[in-house]
Each structure stands twice: as C-alpha cells, then as structure tokens.
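Below: the structure, in structure tokens.
Please treat every number below as a calculation from the coordinates, not as lab data. Small disclaimer: the values here were computed from a predicted structure and weren't measured. So basically every Cβ, Gly included, is an ideal-geometry build from the backbone, and we count neighbours across all protein chains shown.
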Ligand code: ADP
C-alpha cells in the first residue's frame, strides 16, 4: 500500500496517454487501449501494471480498466493520512518535575533529545520542557542546581499531545500549528473520571517526519 502513491508521481509520456484514453473511454479493455495506441497488448502490460499499482487505474476482470480519478498527489496525501503515529513514534524520554534545571540540561545531552516530558510518581504526564525553556533559565541569575524543572515547564492541560492511533498527518499538523518540536504520545484512560491521567508511551518529533520524508523519497 505504501508504494501506491510514490511510484506514480512521474509518469512516462505513454502512461500519460493511457490515462487520457481510459479517462475518455472508461471502462476500456487493454486490447482496445493497445489498438488506439497502435502497439501490441503485450507492450502495454508493464505500463498498465504500473498505473494499476499506483492506484490511478483500476482493473476489473472481464470489464476493463477504470480511471479512479485520483491524482498522484491525492494518493500521496492518502498515504500520509493513513500512516499512524504508532508506526513511527520514538521512545519517550521522561523525567520527574523535581529534578534541577541543570540535570534536565544534562538529560538533553545524554538522551540526545530536544524536549523532555515530565511525569509524576505514577508515570502520568505533568508537563513538557524544551531546550529553549532551559536555555532561557541559563540566561538568568538563578542557581541551575536549585531551580526545579517543573518551574519552567509547560504544564498539563497546556501540553499538546497525540494518540498512537492518530495519523502522522494530524501529529505533524499539531506541531506546525503550535510551533513546537515534539509531542508526547499518550494513552487515554478508559473511564471519564481519570481523563487527566495520561500515560506517556512515546514521542513524536520533527525528526520522525524527516525520516518518513526520506523513506518516501527513496521509494520513488
Ligand atoms: P520553538 O523552538 O519553535 O520555539 P520549542 O520546542 O522551544 O519551540 O517550544 C516552545 C514552547 O512550547 C516552550 O515554552 C515549550 O515549553 C512549549 N512546548 C514544547 N512542547 C510542547 C507540547 N508538546 N505542548 C505544549 N507546549 C509545548
């Protein structure tokens, strides 16, 4: 399914011609397309296979080829909306709110992340702290060993989160809309009275998006 959208972006002139013929004559058999293009049916086989795999044409046995009406960009969009956060998320890096700003900065380096998520003793989300939040504190006069990280974090309910079953598209949209670098992937509790108890099960960042982008580029 992943291959669907990406290999159809660049069509050969003959594949473009086939699309035009099918658009005007839906449904049409392979035989008839070959006749209109003045080539043998066998010559067209690879092109028809590519167009069907790409999702631009649909083949129905004994009826012929249909034009699906989907452009390569629509198929790519479908693929992006189809991909789930759970398929690409990273391991979360969580700390307690009472660790010092100094230790939080050390954690950014040792864990190699740009955002830390803060959890309480039960492991539920309390806040998020970005590298810029920490950098800002270093510009002040305070003792970095004495300031707890919870003083500078963005607190729940202001933390923007995402669920594992949400689409990567929705996660990326939230990152852009809120101008942030990372989202905690959370598991929502079953019952209503526990609705503020969000278990952190992952991390979704701009790096995840960059990786998806590279993987899609490699499939072309
Ligand atoms: P930028 O680098 O674009 O300024 P940052 O990642 O530094 O973005 O975050 C900007 C602000 O957003 C910081 O105050 C940070 O605490 C906050 N923040 C970071 N992640 C989240 C999140 N998932 N939800 C809400 N706020 C967040």
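Per the Cauchy relation, a quarter of the hull surface: what is the mean projected area of the convex hull of the alpha carbons in the range 36-153, in nm²? Don't skip to the answer; put the middle values down first.
Numbers: hull surface 53.8 nm².
Over all viewing directions, the range 36-153 projects a mean Cα-hull area of 13.4 nm².
What number, in percent, do you get for the relative contact order of the chain if the mean sequence gap of Cα pairs under 8 Å and at least 6 apart is divided by its residue count? Let's see the in-between values first.
On the way: 331 pairs, mean separation 43.3, N = 220.
Relative contact order for the chain comes out at 20 percent.
Limiting things to C-alpha atoms, what are the Rg and the maximum Cα-Cα separation (Dmax) for the range 103-220, in angstroms?
15.8, 53
Using only Cα atoms, find the angle between the long axis of helix 101-110 and the longest principal axis of the chain, and express it within 0 to 90 degrees, rounded to the nearest 10.
Result, in degrees: 40.
Evaluate the distance, in nm, between pseudo-label points positioned 7 Å from the Cα of residue 214 and of residue 138 along their respective Cα→Cβ axes.
2.6
Counting each pair of different Cα atoms once, what's the Kirkwood radius of the range 3-91 in Å, rounded to one decimal?
On the way: mean 1/r = 0.0718 Å⁻¹.
Evaluated over the range 3-91, this radius sits at 13.9 Å.
What is the range 111-190's relative contact order, in percent, from Cα pairs under 8 angstrom and six or more apart in sequence?
Numbers: 75 pairs, mean separation 20.8, N = 80.
Relative contact order here is 26 percent.
Of all beta bridges DSSP finds with both residues in the range 136-207, what is the antiparallel percent, to the nearest 5?
Working: 6 of 8 bridges.
Among the beta bridges of the range 136-207, antiparallel pairing accounts for roughly 75 percent.
Could you work out which residue, out of 197, 146, 89, moves most in a Gaussian network model of the chain, that is, has the largest mean-square fluctuation with Cα springs under 10 Å?
146
After finding the eigenvalues of the alpha carbon gyration tensor for the chain, what semi-axes result from the square roots of 5 times each, listed largest first in whole Å? Display every interim value, and only then the final one.
Working: eigenvalues 553, 61, 26 Å².
Square roots of five times the eigenvalues give 53, 17, 12 Å.
With the Cα gyration tensor of the range 93-133 in hand, give its eigenvalues times 5 under a square root as the equivalent ellipsoid semi-axes, listed largest first in whole angstrom. Write out the running numbers ahead of the final one.
Details: eigenvalues 52, 19, 17 Å².
Over the Cα atoms of the range 93-133, the ellipsoid semi-axes are 16, 10, 9 Å.
What number, rounded to the nearest 500 deg cm²/dmol, is the helix-based mean residue ellipticity at 222 nm of the chain, given -39500 (n - 2.57) per DSSP H run of at least four residues and division by all its residues?
Values: 10 runs with 96 residues, N = 220.
About -12500 deg cm²/dmol.
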